[in-house]
Amino acid sequence: GAVVSQHPSWVICKSGTSVKIECRSLDFQATTMFWYRQFPKQSLMLMATSNEGSKATYEQGVEKDKFLINHASLTLSTLTVTSAHPEDSSFYICSASPRTGRRTEAFFGQGTRLTVV
Amino acid sequence: AQSVSQHNHHVILSEAASLELGCNYSYGGTVNLFWYVQYPGQHLQLLLKYFSGDPLVKGIKGFEAEFIKSKFSFNLRKPSVQWSDTAEYFCAVNAGGGADGLTFGKGTHLIIQP
């Protein structure tokens, strides 16, 4: 099956610094990628839709200036958590679907555990 | 807006027992339905999906789900569970075109006792 890779798998950063998370589709092209956030013992919440070559679409309540998304190519999307604070600590997961022109399932990265201290 | 409700947050079963996990969704239009599984320390994996056609969908590892449109349900079943089925199970939905992100249920933590 298709593979989506996230890097890093985990990161610890100091409060006030920025952290970049990468999401790559390894063996397919993805016009659209999605970023989710998962709090402990809770479900995944869609944060934003990353569109190659255009601005990301953010879900209601997600600060676009805090969570910067760049989708520079058909295989790479990045999420930058700017001026991170402890409340940003969470599990961030990306997904992508192959660009086949028909409906298909989303493939998920392994997630990135962010801890802000 | 879509919403997904999973009725059981924690389920504990013995090996060989039958499993049914409930999932109901709220959305007025055509939907795509999914069940994902997350084994401890691993990423989400697709168990099965429904786009259209036969409402009884068979997935990997002996799982199946039935889409009942009138009940807005997509319950997951397995006739005989194994210890290795211990995992977190998520029901998810997106709108019919399939281009949107997924709306997930809260998940069901399944523990299978040997």
Pull up region B:1-48, narrow it to residues that are closer than 14 Å to residue B:88 by Cβ and hydroxyl-bearing (Ser, Thr, Tyr), then point me to the one that is surrounded by the most Cβ atoms within 10 Å (Cβ to Cβ). B:36
Quick test of your reading of the structure: residue B:52 fulfils all but one of (1) within 25 Å of residue A:9 (Cβ to Cβ); (2) hydroxyl-bearing (Ser, Thr, Tyr); (3) modelled with pLDDT under 95. Name the failing condition by number. (1)
Residue that is farthest from the chain's Cα centre (by Cα), among those in region B:24-56 that are away from chain A (no Cβ under 12 Å) and part of a strand (DSSP E or B): B:26
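What tally of residues in region A:80-103 results from selecting those that are within 14 Å of chain B (Cβ to nearest Cβ) and either buried (at least 17 other Cβ atoms within 10 Å of the Cβ) or touching a Phe, Trp or Tyr at 6+ places or on another chain (Cβ under 8 Å) (or both)? First the steps, then the outcome.
First, the residues of region A:80-103 that are within 14 Å of chain B (Cβ to nearest Cβ): A:91-103.
Now drop any that are not either buried (at least 17 other Cβ atoms within 10 Å of the Cβ) or touching a Phe, Trp or Tyr at 6+ places or on another chain (Cβ under 8 Å) (or both), which leaves A:91-99, A:103.
Qualifying residue count, region A:80-103: 10.
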List the residue pairs whose Cβ atoms are under 8 Å apart, where the first residue sits in region B:92-104 and is without any contact (Cβ under 8 Å) to a residue 40 or more places away in the chain, the second is of a type in the set (S, T, N, Q), and the two are 6 or more positions apart or on different chains. B:99/A:32; B:100/A:49; B:100/B:94; B:101/A:49; B:101/A:95; B:101/B:94
Sole exception among (1) within 13 Å of residue A:80 (Cα to Cα); (2) more than 11 Å from chain B (Cβ to nearest Cβ) for residue A:47, by number: (2)
Those residues that are more than 14 Å from chain A (Cβ to nearest Cβ) and at pLDDT below 95, I need them from region B:93-112; list them, please. none
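Listed here are the residues, each with its yes/no results for (1) more than 12 Å from every other protein chain (Cβ to nearest Cβ); (2) closer than 20 Å to residue B:37 by Cα; (3) polar (S, T, N, Q); (4) in contact with a Leu (Cβ under 7 Å, 6 or more places away or on another chain).
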residue	(1), (2), (3), (4)
A:8	yes, no, no, no
A:15	yes, no, yes, no
A:29	yes, no, yes, yes
A:42	no, yes, yes, no
A:51	no, no, yes, no
A:56	no, no, no, no
A:60	no, no, yes, no
A:67	yes, no, no, yes
A:78	yes, no, yes, no
For residues in region B:73-87 being farther than 18 Å from residue B:16 by Cα and touching a Leu at 6+ places or on another chain (Cβ under 8 Å), which is farthest from the other protein chains (Cβ to nearest Cβ)? B:75
Those residues that are surrounded by fewer than 17 Cβ atoms within 10 Å (Cβ to Cβ) and in contact with a Lys or Arg (Cβ under 7 Å, 6 or more places away or on another chain), I need them from region A:31-44; list them, please. A:31, A:42
Checking residue A:83 against (1) modelled with pLDDT under 95; (2) in a loop (DSSP other than H, G, I, E, B), only one condition comes out false. Which one? (1)
From the options B:67, B:90, residue that is away from chain A (no Cβ under 14 Å), part of a strand (DSSP E or B) and closer than 23 Å to residue A:104 by Cβ: B:67
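The values are calculated or read from the model by the stated rules, or taken from the named source; none is laboratory data. Here the structure is a predicted model, which means the values were calculated and not measured. Glycine also receives a Cβ, built like all others from the backbone with ideal geometry; neighbour counts cover every protein chain displayed.
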